[in-house]
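Peer 1: Take this structure, written in structure tokens, and hold onto it; I'll ask about it next.
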Amino acid sequence: MVDFDDRVDDLTFKARALAQAHPLTVTAAVYRDQMVAEEKRTQPMPEFADWAGTALLVGYCIRRVEEADCGRLPETDGLTEALVPLAHDTVRLSDEVRSGNVAGTRLLDPALVEALLDRVISTEIDKRADQWQDQISATDWATFENYVAWWVVHGYSLRAAEILRSTP
């Protein structure tokens with residue numbers, strides 16, 4: 001029997017590896033590009049937008065790895081005209097995940113998915129800590145942690161919404 005932490009490590013590694021392989025559908029890529037462009041326009045530091053885009057990508061890959069681990073590799077369309085409904089579904093599913101529910105169809109054990117999301121969020125935050133954590137207040141750092149967490153969950157939910165929208 002595989003240890004829970006080892007399973008989380010394995011799935012985290014797979015999600016990060018997948019993120020290097022341009023795993024987004026056409027629709028998800030356009031959605032991410034639009035979201036990152038808006039972040040670049042509104043954030044005080046342009047790096048935030050890049051970090052948000054990376055966090056969204058890795059969150060998306062968590063869901064893709066979850067699908068592969070369950071032997072479910074559903075097809076999704078690449079229709080960019082579906083962006084507005086996709087965005088609405090993504091936000092709704094993100095809210096579900098943040099409140100402890102599964103986004104869309106249940107695939108893996110929710111405790112495993114939560115641990116996987118937590119691990120990826122922690123890693124994304126830790127990658128930025130050395131750069132400027134000691135330069136800002138604890139309150140601002142907590143806001144940044146929530147920002148990164150939101151983007152990871154949003155990426156995970158984006159993939160779940162794609163599947164939801166493509167399932168007849």
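The values are calculated or read from the model by the stated rules, or taken from the named source; none is laboratory data. Since the model is a prediction, treat every value here as computed from it, not as a measurement. Here the Cβ positions follow ideal geometry from the backbone for every residue, glycine too, while neighbour counts run over all protein chains shown.
Peer 1: For the stretch 148-168, name all the residues that are surrounded by fewer than 17 Cβ atoms within 10 Å (Cβ to Cβ) and either assigned to a helix (DSSP H, G or I) or of a type in the set (K, R) (or both).
Peer 2: Selection gives S166 alone.
Peer 1: Hey, another quick one. Tell me, please, whether a residue that is more than 16 Å from Y156 (Cα to Cα) and at pLDDT below 85 can be found in the stretch 57-75.
Peer 2: Yes: one or more hits.
Peer 1: Only residues that are closer than 16 Å to T12 by Cβ and hydroxyl-bearing (S, T, Y): list them for the stretch 45-76, please.
Peer 2: T54, Y60, listed by residue number.
Peer 1: Do you know which residues across the stretch 22-34 are assigned to a helix (DSSP H, G or I) and in contact (Cβ under 8 Å) with a residue 24 or more places away in the chain?
Peer 2: Those that are assigned to a helix (DSSP H, G or I) and in contact (Cβ under 8 Å) with a residue 24 or more places away in the chain: V26, T27, A28, V30, Y31, R32, Q34.
Peer 1: When both residues are 6+ apart or on different chains and their Cβ atoms are under 6 Å apart, which pairs have a first residue that lies in the stretch 139-167 and is of a type in the set (F, W, Y), and a second that is part of a helix (DSSP H, G or I)?
Peer 2: Pairs that qualify, where the first residue is of a type in the set (F, W, Y) and the partner is part of a helix (DSSP H, G or I), are W141/Q133; W151/A52; W151/A55; W151/L56; Y156/G59; Y156/I62; Y156/R63.
Peer 1: Out of A28, A52, A37, which single residue is surrounded by fewer than 16 Cβ atoms within 10 Å (Cβ to Cβ) and among the small types (G, A, S)?
Peer 2: A37
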